[in-house]
1. Of the residues in segment 60-113, how many are among the acidic types (Asp, Glu) and either surrounded by 13 or more Cβ atoms within 10 Å (Cβ to Cβ) or farther than 18 Å from Cys25 by Cα (or both)?
2. For segment 26-42, how many residues meet the condition of being buried (at least 17 other Cβ atoms within 10 Å of the Cβ) and under 15 Å from Val82 (Cβ atoms)?
3. Looking only at segment 6-21, which residues are in a strand (DSSP E or B) and surrounded by 17 or more Cβ atoms within 10 Å (Cβ to Cβ)?
4. Across segment 15-67, what is the number of residues that are of a type outside the set (A, V, I, L, M, F, W, C) and either in contact with a helix residue (DSSP H, G or I) (Cβ under 8 Å, 6 or more places away or on another chain) or in contact (Cβ under 8 Å) with a residue 24 or more places away in the chain (or both)?
5. For segment 70-96, give me the residue count where each residue is polar (S, T, N, Q) and either touching a strand residue (DSSP E or B) at 6+ places or on another chain (Cβ under 6 Å) or at pLDDT 95 or above (or both).
Amino acid sequence: MNYPVAIHKDRRSDYGVTVPDLPGCFSAGETLDEALAMAREAVELHIEGLIEEGAAVPKPTPIERLRSRREFADAAWGVVTVDETNLRVKAKRVNVTLPERTLDAIDRYAQRHGHTRSGLLARAATQFMRETGSNGASNGPSTKRPRKREA
């Protein structure tokens, strides 16, 4: 993926780099080369964070469309190339058993909201772990016993 980056430089500052397609993703460096290298690292980390959160990774916008935006009027432009195979977060196929009505509800919800089944389940699991204070790391075998069903 090739992400356009807006490069700013004031007389008494380092080079600042903003990634318009990834809000909140920015970097800086004393030299232009250093700023671009740091920007590539920032983009990779930002995308890994999005994937871990189950969020969609935005597609790069053509520079021609970004140049007309007011906040980038004085920017020079560059491109940061990110090799998706180098990202630390990889998808893994799993087999899950769910009641059919639950699966149907998940599929309907995902379709209505523009998600995939896998993406929705990943986001839901991530949110559940965040809300319950779990980071997903295992501390060994679980000591919880399954609840007994009441008749």
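The values are calculated or read from the model by the stated rules, or taken from the named source; none is laboratory data. Bear in mind that the values here come from a model prediction, so they are computed numbers and not experimental data. Here Cβ is always computed from backbone atoms with ideal geometry, including for glycine, and neighbour counts include all displayed protein chains.
1. Within segment 60-113, residues that are among the acidic types (Asp, Glu) and either surrounded by 13 or more Cβ atoms within 10 Å (Cβ to Cβ) or farther than 18 Å from Cys25 by Cα (or both) number 5.
2. Matching residues across segment 26-42 total 6.
3. Ala6, Ile7, His8, Tyr15, Gly16, Val17, Thr18
4. 20
5. Of the residues in segment 70-96, 1 are polar (S, T, N, Q) and either touching a strand residue (DSSP E or B) at 6+ places or on another chain (Cβ under 6 Å) or at pLDDT 95 or above (or both).
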